[in-house]
Amino acid sequence: MDLKAFVEVTKPKQTLLLMITCIMSFLVASGFSFHPVELIKVFLAVSLAVAGTTALNMVLDRDIDILMPRTMKRPVPSGRLPETVCAIYGTLLFLIGIAISYTINIYVSIVIFLGLFFDIVIYTIMLKRKSPYSIVLGGLAGAMPSFAGWTAAKGYFDVAGMLISMIILLWIPAHIWYLSMHYEEDYRRANIPMLPLIAGMERASWIIVFSVALMLFMVTLLFLVLPFGPAYFITSVIITTYFLYRAIVFAKAPSRIGAKSMYKLASKTLGVIYLAMVIGSLHSF
Ligand code: HEM
Ligand SMILES: CC(C)=CCC/C(C)=C/CC/C(C)=C/COP(=O)(O)OP(=O)(O)O
């Protein structure tokens, strides 16, 4: 068993961007006045829970991951990490994360538990292998780290935190459906009915355009609802409008090759929006 496998099953790049949304939300919600220990507790609670959830997803998906060239070399399908070890590892990480969240406030624990529920029960077990719209509900899992960061700072649930997390929900169709266009053969071989495989690339691309247009609306609404400075508004509107423009150009002539760069652009777009939130909440901007 190589120790690298224990890192790989936590999908470091995905967990990193999820944690960027979490910490940025915490910073904005706290108005940058927080005790460093609080920030460390939020980071540990959410990152351990996300890593544990992802490891559990890897165990449950081992039978389909072994069928896809994109995922067959992963630790569990390739046998580098026994599934029981990965299951115990994932459960332990999640339980430590939840325990730490309990020292922050109960609302954070609820949000983290919802993350596990939407990822493992709703998405991985119930929908991923059956519904072309699996990521719409499953996407709620992806919005939970951001909502957890916000709730940790606020100490209660509020609409602003939900609006910020909504941006991620509207971003997920671009994140996954462009990827599934690029890896269409993989998903067909594993019999995973992602929307582009069922409705075709063109129709799925226009649905993504619609979700990115809603994202642009949400980014603007946040400017009206939250005390963000003009730096947030200008940066986030420019990057989201550019992404919308690229999504429209792609939808007019979708291609598997082009889908990969759209997938990569999606991650960059979300990262910049969250960065804009932090800059925009520094009162001097
Ligand atoms: C239902 C929700 C989600 C699903 C089904 C999903 C699925 C995926 C898949 C299939 C990959 C490719 C992994 C690989 O090929 O190894 C991926 C990578 C990634 N995901 Fe997600 N994801 C979801 C939510 C999110 C969210 C909410 C974020 C961040 C806020 C995120 C960030 C990333 C990043 C940064 C990568 C790596 C991108 C790269 O390789 O450049 N994902 N995700
Ligand atoms: C607070 C908390 C615990 C939140 C959970 C956040 C989280 C792990 C979100 C990711 C969502 C997800 C379903 C990814 C797996 O996709 P996939 O199985 O389709 O990806 P793959 O094909 O690459 O395995």
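The values are calculated or read from the model by the stated rules, or taken from the named source; none is laboratory data. Fair warning: this is a prediction, and the values are worked out from it, not measured in the lab. Note that we place each Cβ from the backbone using ideal geometry, even for glycine, and neighbour counts take in every protein chain shown. Side chains are part of the model used for accessible areas, which takes the heavy atoms of the whole protein and leaves out ligands, DNA and RNA. Shrake-Rupley method; radii C 1.70, N 1.55, O 1.52, S 1.80 Å.
Do we have any residue at all in region 125-141 that's open to solvent by less than 20 Å² (accessible area, probe 1.4 Å), over 26 Å from A190 (Cβ atoms) and at pLDDT 95 or above?
No - not one qualifying residue is present in region 125-141.
Taking region 81-97, which residues are surrounded by 19 or more Cβ atoms within 10 Å (Cβ to Cβ) and in a helix (DSSP H, G or I)?
The answer is C86, Y89, G90, L93, F94, G97.
Residue-wise test of (1) within 16 Å of ligand 1 (Cβ to nearest atom); (2) assigned by TED's automatic domain parsing to the domain that holds M19; (3) without any contact (Cβ under 8 Å) to a residue 60 or more places away in the chain.
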| residue | (1), (2), (3) |
| --- | --- |
| T91 | no, yes, yes |
| F94 | no, yes, yes |
| S109 | no, yes, yes |
| P132 | yes, yes, no |
| L137 | yes, yes, yes |
| A152 | no, yes, no |
| I164 | yes, no, no |
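Determine which single condition P193 fails, assuming it passes every other condition in (1) assigned to a helix (DSSP H, G or I); (2) closer than 21 Å to I125 by Cβ; (3) at pLDDT 95 or above.
So P193 meets the others, but not (1).
Which numbered condition in (1) within 29 Å of K154 (Cα to Cα); (2) hydrophobic (A, V, I, L, M, F, W, C); (3) within 16 Å of ligand 1 (Cβ to nearest atom); (4) outside any helix (DSSP H, G or I) is the only one that V50 fails?
(4)
If the Cβ limit is 7 Å and pairs must be 6+ apart or interchain, which residue in region 3-32 that is closer than 14 Å to L93 by Cβ and more than 11 Å from ligand 2 (Cβ to nearest atom) pairs with which residue that is part of a helix (DSSP H, G or I) and at pLDDT 95 or above?
The qualifying pairs are F6/Y89.
Answer yes or no as to whether I198 is in a helix (DSSP H, G or I) and within 30 Å of S33 (Cβ to Cβ).
Answer is no for this residue.
Could we say that F117 is near ligand 2 (Cβ under 10 Å from one of its atoms), open to solvent by 70 Å² or more (accessible area, probe 1.4 Å) and closer than 30 Å to D186 by Cα here?
yes
Go through region 57-75 and report how many residues are more than 9 Å from ligand 2 (Cβ to nearest atom) and in a helix (DSSP H, G or I).
3
Counting just the residues of region 76-108 that are within 11 Å of ligand 2 (Cβ to nearest atom) and in contact with a Lys or Arg (Cβ under 6 Å, 6 or more places away or on another chain), which one comes out nearest to P193 (Cα to Cα)?
Kept after step one, since they are within 11 Å of ligand 2 (Cβ to nearest atom), are these residues of region 76-108: 76-77, 90, 93-94, 97-98, 101, 108.
Going one step further and asking which of them are in contact with a Lys or Arg (Cβ under 6 Å, 6 or more places away or on another chain), we end up with 76-77.
Values: V76: 23, P77: 21 Å.
The qualifying residue nearest to P193 (Cα to Cα) is P77.
Specify which of the listed residues (K4, K13) is of a type in the set (D, E, K, R), within 16 Å of ligand 1 (Cβ to nearest atom) and closer than 21 Å to I167 by Cα.
None of the other options fit; the residue is K13.
Anything in region 15-43 that is assigned to a helix (DSSP H, G or I) and exposed (fewer than 15 other Cβ atoms within 10 Å of the Cβ)? List them, or say none.
Within region 15-43, L16, P36, V37, I40 meet the criteria.
Kindly indicate whether any position in region 71-90 is closer than 18 Å to K13 by Cα and among the charged types (D, E, K, R).
yes
Condition test on P82, is it outside the structural domain of S180 (by TED's automatic domain parsing) and within 13 Å of ligand 1 (Cβ to nearest atom)?
no
Just checking, does region 152-160 include any residue being within 12 Å of ligand 2 (Cβ to nearest atom) and either within 13 Å of the chain's Cα centre (by Cα) or in a helix (DSSP H, G or I) (or both)?
yes
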